[in-house]
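Contents: one structure, followed by commentary.
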Amino acid sequence: MPARAEIARNEAFFRAVNEGIAEASERFESEEAEFLCECGDDRCTHRIEVPLDEYERVRRSATRFVVKRGHVISEVEEVVQRRRRYAIVEKVDRVAARVVRRLNPRAREGTA
(Lines give C-alpha, C1' and ligand atoms only; values in the text may rest on other atoms or scores of the structure.)
Protein backbone atom coordinates (compact mmCIF):
# COMPACT_ATOMS: atom_id res chain seq x y z
CA MET A 1 0.00 0.00 0.00
CA PRO A 2 1.28 3.51 -0.82
CA ALA A 3 2.26 5.86 1.98
CA ARG A 4 -0.47 7.99 3.58
CA ALA A 5 0.86 11.20 2.04
CA GLU A 6 0.93 9.62 -1.44
CA ILE A 7 -2.66 8.42 -1.04
CA ALA A 8 -3.68 11.95 -0.02
CA ARG A 9 -1.86 13.50 -3.01
CA ASN A 10 -3.65 11.10 -5.37
CA GLU A 11 -7.01 12.01 -3.88
CA ALA A 12 -6.21 15.71 -4.10
CA PHE A 13 -5.28 15.30 -7.78
CA PHE A 14 -8.63 13.65 -8.60
CA ARG A 15 -10.40 16.37 -6.61
CA ALA A 16 -8.66 19.07 -8.67
CA VAL A 17 -9.82 17.43 -11.90
CA ASN A 18 -13.36 17.18 -10.51
CA GLU A 19 -13.37 20.88 -9.68
CA GLY A 20 -13.04 21.57 -13.42
CA ILE A 21 -15.85 19.11 -14.18
CA ALA A 22 -18.10 20.80 -11.62
CA GLU A 23 -17.34 24.24 -13.00
CA ALA A 24 -18.11 23.18 -16.59
CA SER A 25 -21.30 21.40 -15.51
CA GLU A 26 -22.51 24.51 -13.70
CA ARG A 27 -21.87 26.65 -16.77
CA PHE A 28 -24.06 24.29 -18.80
CA GLU A 29 -26.69 24.38 -16.03
CA SER A 30 -26.51 20.64 -15.39
CA GLU A 31 -27.99 19.21 -12.22
CA GLU A 32 -25.47 16.39 -11.94
CA ALA A 33 -22.10 15.48 -13.35
CA GLU A 34 -19.96 12.43 -13.91
CA PHE A 35 -16.96 12.83 -11.59
CA LEU A 36 -13.80 10.79 -11.27
CA CYS A 37 -13.61 8.60 -8.20
CA GLU A 38 -11.50 10.55 -5.70
CA CYS A 39 -9.96 7.47 -4.09
CA GLY A 40 -6.26 7.16 -3.31
CA ASP A 41 -5.53 4.64 -6.10
CA ASP A 42 -3.69 6.54 -8.83
CA ARG A 43 -4.78 3.92 -11.40
CA CYS A 44 -8.50 4.24 -10.65
CA THR A 45 -10.59 5.25 -13.67
CA HIS A 46 -14.09 4.82 -12.22
CA ARG A 47 -16.62 7.55 -12.77
CA ILE A 48 -19.45 8.44 -10.41
CA GLU A 49 -22.63 10.39 -11.17
CA VAL A 50 -23.19 12.89 -8.36
CA PRO A 51 -25.75 15.70 -8.12
CA LEU A 52 -23.92 19.04 -8.24
CA ASP A 53 -25.56 20.28 -5.04
CA GLU A 54 -24.25 17.21 -3.18
CA TYR A 55 -20.77 17.65 -4.67
CA GLU A 56 -20.81 21.23 -3.41
CA ARG A 57 -21.78 20.06 0.09
CA VAL A 58 -18.89 17.58 0.09
CA ARG A 59 -16.45 20.26 -1.07
CA ARG A 60 -17.33 22.55 1.84
CA SER A 61 -14.87 20.45 3.81
CA ALA A 62 -11.29 20.17 2.57
CA THR A 63 -11.02 16.70 4.09
CA ARG A 64 -14.08 15.12 2.43
CA PHE A 65 -14.07 13.21 -0.85
CA VAL A 66 -16.45 11.25 -3.10
CA VAL A 67 -15.33 7.69 -3.82
CA LYS A 68 -16.88 4.68 -5.52
CA ARG A 69 -18.30 2.27 -2.97
CA GLY A 70 -15.63 -0.23 -2.05
CA HIS A 71 -12.78 2.23 -2.71
CA VAL A 72 -12.46 3.42 0.88
CA ILE A 73 -8.95 3.19 2.36
CA SER A 74 -9.72 2.65 6.03
CA GLU A 75 -6.18 3.48 7.15
CA VAL A 76 -6.65 7.14 6.20
CA GLU A 77 -10.40 7.79 5.94
CA GLU A 78 -13.83 6.81 7.19
CA VAL A 79 -17.22 6.79 5.52
CA VAL A 80 -19.45 9.63 6.68
CA GLN A 81 -22.31 8.99 4.21
CA ARG A 82 -23.23 6.15 1.88
CA ARG A 83 -25.13 6.51 -1.35
CA ARG A 84 -26.19 3.78 -3.75
CA ARG A 85 -23.15 4.08 -6.01
CA TYR A 86 -20.66 6.06 -3.97
CA ALA A 87 -19.55 7.00 -0.49
CA ILE A 88 -18.51 10.29 1.04
CA VAL A 89 -15.36 9.86 3.10
CA GLU A 90 -13.46 12.06 5.52
CA LYS A 91 -9.76 11.88 6.26
CA VAL A 92 -9.09 10.61 9.79
CA ASP A 93 -5.33 10.26 9.41
CA ARG A 94 -3.51 13.47 10.46
CA VAL A 95 -0.86 13.25 7.73
CA ALA A 96 -3.44 12.68 4.98
CA ALA A 97 -5.69 15.44 6.32
CA ARG A 98 -2.80 17.92 6.39
CA VAL A 99 -1.82 17.08 2.79
CA VAL A 100 -5.35 17.41 1.38
CA ARG A 101 -5.92 20.70 3.21
CA ARG A 102 -2.68 22.07 1.77
CA LEU A 103 -3.63 20.94 -1.76
CA ASN A 104 -7.25 22.12 -1.55
CA PRO A 105 -7.90 24.28 -4.67
CA ARG A 106 -10.68 26.15 -2.89
CA ALA A 107 -8.37 27.26 -0.09
CA ARG A 108 -6.66 29.53 -2.59
CA GLU A 109 -10.07 31.03 -3.45
CA GLY A 110 -10.80 31.71 0.21
CA THR A 111 -13.43 28.95 0.55
CA ALA A 112 -13.48 25.47 2.13
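The values are calculated or read from the model by the stated rules, or taken from the named source; none is laboratory data. The model shown is predicted, which means the values in this text are computed figures rather than measured ones. FYI the Cβ positions are ideal-geometry reconstructions off the backbone, even for glycines, and counts take in every protein chain you see. Remember, those area values only see protein heavy atoms, side chains included, never the ligands or the DNA or RNA. Shrake-Rupley method; radii C 1.70, N 1.55, O 1.52, S 1.80 Å.
So here's what we get for this one:
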| item | result |
| --- | --- |
| Charge sum, other residues only, whose C-beta stays under 9 Å from Ala12's C-beta, Lys/Arg counted +1 and Asp/Glu -1 | +1 |
| Environment charge of Arg59, counting only residues whose C-beta is closer than 9 Å and scoring Lys/Arg +1, Asp/Glu -1 | +3 |
| Centre separation in Å (Cα based) which lies between segment 1-68 and segment 80-98 | 11 |
| Hz values of 3J(HN,Hα) by residue in segment 31-42 - Karplus curve (6.51, -1.76, 1.60), Gly and Pro given as x | 8, 9, 9, 9, 9, 6, 4, 9, 6, x, 7, 5 |
| Net charge over other residues, Cβ less than 11 angstrom from the Cβ of Val92 (K, R count +1; D, E count -1) | -2 |
| For the chain: accessible area per residue (Å², 1.4 Å) | 59 |
| Area accessible to solvent at His71, 1.4 Å probe radius, in Å² | 40 |
| FRET efficiency for Ser74 and Val17, using Cβ-Cβ distance with R0 set to 22 Å, rounded to 0.05 | 0.35 |
